[in-house]
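Asks: Got a structure for you, written out below as structure tokens; questions coming shortly.
Just so it is clear, none of the values below were taken in a lab; they were calculated from the coordinates. Being a predicted model, the structure only gives us computed values, none of them experimental. Cβ atoms come from the backbone with ideal geometry, glycine included; neighbour counts cover every protein chain shown.
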Amino acid sequence: MAKQGGIAADRLKSFIERIERLEEERAALGADVREVYSEAKGTGFDTKIMRQIIRLRKLDQAQRQEQDALLDLYKQALELD
């Protein structure tokens with residue numbers, strides 16, 4: 001392994017190349033996700049609501065309940081209900 005200024009250049013290059021490949025994959029996946037949202041929108045679904053549902057599904061039940069309770073509290077304070 002070649003060392004440049006105390007740095008293992010080959011190892012560093014390997015890390016950089018792996019990160020670059022992963023970023024390319026992430027960009028491709030992002031494009032795929034946008035395509036699915038576009039398809040859903042084209043069939044009449046509200047993609048804003050779909051994104052909210054996806055965020056909620058990432059939370060466990062206790063977290064969802066806590067958020068719902070806080071949302072209700074804030075809405076009451078602002079007289080939105």
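Asks: Tell me, what ³J(HN,Hα) does each residue in region 74-81 have, in order and in whole Hz, if you take phi through Karplus 6.51 cos²θ - 1.76 cosθ + 1.60 with θ = phi - 60° and put x for Gly and Pro?
Replies: Result, ordered by residue: 5, 4, 5, 4, 9, 6, 8, 10 Hz.
Asks: Further, regarding this structure: If the elastic network links every pair of Cα atoms under 10 Å, which of L22, L71, L56 fluctuates the most in the Gaussian network model of the chain?
Replies: Looking only at L22, L71, L56, the biggest GNM fluctuation is shown by L71.
Asks: Here is a further query. Rg over Rh of region 1-44, using C-alpha atoms and the Kirkwood radius, what does it come to?
Replies: Rounded to two decimals, Rg over Rh is 1.44.
Asks: Next question, about the same structure. Kindly provide the helix-only [θ] at 222 nm of the chain, computed as the sum of -39,500 (n - 2.57) over DSSP H runs of four or more divided by all residues, to the nearest 500 deg cm²/dmol?
Replies: -26500 deg cm²/dmol
Asks: Lys pairs in the chain, Cα-Cα under 27 Å, at least 8 apart or on separate chains: how many? Could you put the intermediate results ahead of the total?
Replies: Details: K3/K13; K41/K58; K48/K58; K48/K75; K58/K75.
Lysine pairs, 8 or more places apart or on different chains, close enough: 5.
Asks: Moving on. Would you mind computing, in nm to one decimal, how far apart the modelled labels at R18 and L70 are, each placed 7 Å from Cα along Cα→Cβ?
Replies: 3.5
Asks: Once the chain is represented by equal point scatterers at the alpha-carbon sites, with solvent omitted, what log10 I(q)/I(0) does the Debye formula produce at q = 0.11 Å⁻¹?
Replies: -0.63
Asks: What does a probe at I7 reach in region 22-52, counting residues whose amide N is under 20 Å from the point 7 Å along Cα→Cβ?
Replies: Hits in region 22-52 for I7 at 20 Å: 22-23.
Asks: Taking Cα atoms, how many degrees apart are the long axis of helix 47-57 and the longest axis of the chain, rounded to 10 and kept between 0 and 90?
Replies: Approximately 80 degrees, to the nearest ten.
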